[in-house]
Amino acid sequence: MPASPHPAAGPGSWLERLQSACEAVSEWSGRVFAWFTLLLVIDTVLVILIKKAQDIRFFIASHWLALGLLIGLLITTSVYSHYRRHQRLFRPLAWSLLLSAAAVFLVWLLYFHPPVTEFLRTNLLKVQDMQFYLFGIMFMAAMGYTLKHDEHVRIDIFYRSMSIRKKALVNLTGTLFFLLPVCLLILYYSWSDVLRSWSTETYRITGGMPIKYVLKTTLLVMPVLLLIQGLAELIKNLLILRHGKPCQEDSGSAQS
């Protein structure tokens, strides 16, 4: 096949590398902050266990918890060691048993280890506040990742029936005239407030988390991550308008 007079790997290659770098940042940040979901679940369970301490004590005993922990660990080890060749089937079961054993150990630690119990009871407000912190950080910091995977809410009336070029034009217009300006406005109006929070502000509720400035910092993290992914979206749609198809398909056809 004769070489194309305008190869896709030519003038647009540095744009594609820049797009890939921006998308890598969004992917990495999204995967990192996704773990905050697990921390949020653990924190919520802790709050429930602390609040229901007196009720739960009547239904559990330390020796039964220790026995359950031992059995869970033994079953998990046995399942994983004997069925490693069928990991797709038995790995979820092994992880479920391991998490169950960890939950049993957590309950035992809470209700039958006085130092831990007393510490958590006296810091209940902080544990409760941590729910809002984890949810806020996860929600704000994952916006760039969500945009990369096109999972934001889209009011789709005419968009789905458009051609690839028209979709790229709509996305390019929205990114250029809505997404990027809004992110810059958020940065502009939030910068001074976040700096003031870091220097002076603390949480006002007695016993709560005294690090409100950490949560406010997401007002800067969110638009920065959205700007990075917005730049990737801008480049992607420009390349689509130029070549008539996504650069992945273009590079794949060039290799073939």
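The numbers here are math on the coordinates, done by the rules we state, and not lab data. Keep in mind the model is a prediction, meaning the values are calculated, not measured. Heads up, the Cβs are rebuilt from the backbone with ideal geometry, glycines too, and the neighbour counts pull from every protein chain shown.
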**Q.** Candidate lysines - alpha carbon under 16 Å from Lys167, same-chain residues fewer than 8 apart omitted
**A.** Lys148, Lys236, Lys245
Q | From phi via Karplus (6.51, -1.76, 1.60), per-residue ³J(HN,Hα) for segment 18-32 in Hz, x at Gly/Pro | A | 5, 4, 4, 5, 5, 5, 5, 5, 5, 5, 5, 5, x, 5, 5
Q: May I ask you to sort Ser197, Ser192 by Cβ crowding, counting other Cβ atoms within 10 Å and putting the fewest first?
A: Ser192, Ser197
Q: Within 10 Å of each residue's Cβ, count the other Cβ atoms and sort Met222, Met162 from fewest upward.
A: Met162, Met222
Q) Could you give the length gained on full extension between Trp198 and Ala102, defined as 0.36 nm per residue of separation minus the Cα-Cα distance, in nm? A) 30.9 nm
Q: State whether segment 150-203 is rounded, prolate or oblate according to the following rule on the C-alpha gyration tensor (a ≥ b ≥ c being the square roots of its eigenvalues): a/c under 1.5 gives rounded; otherwise a/b larger than b/c gives prolate, and the remaining case gives oblate.
A: prolate
Q: Report, ordered by chain and residue number, the lysines lying within cross-link reach of Lys52, taken as a straight Cα distance under 29 Å and ignoring same-chain residues fewer than 8 apart.
A: Lys126, Lys212
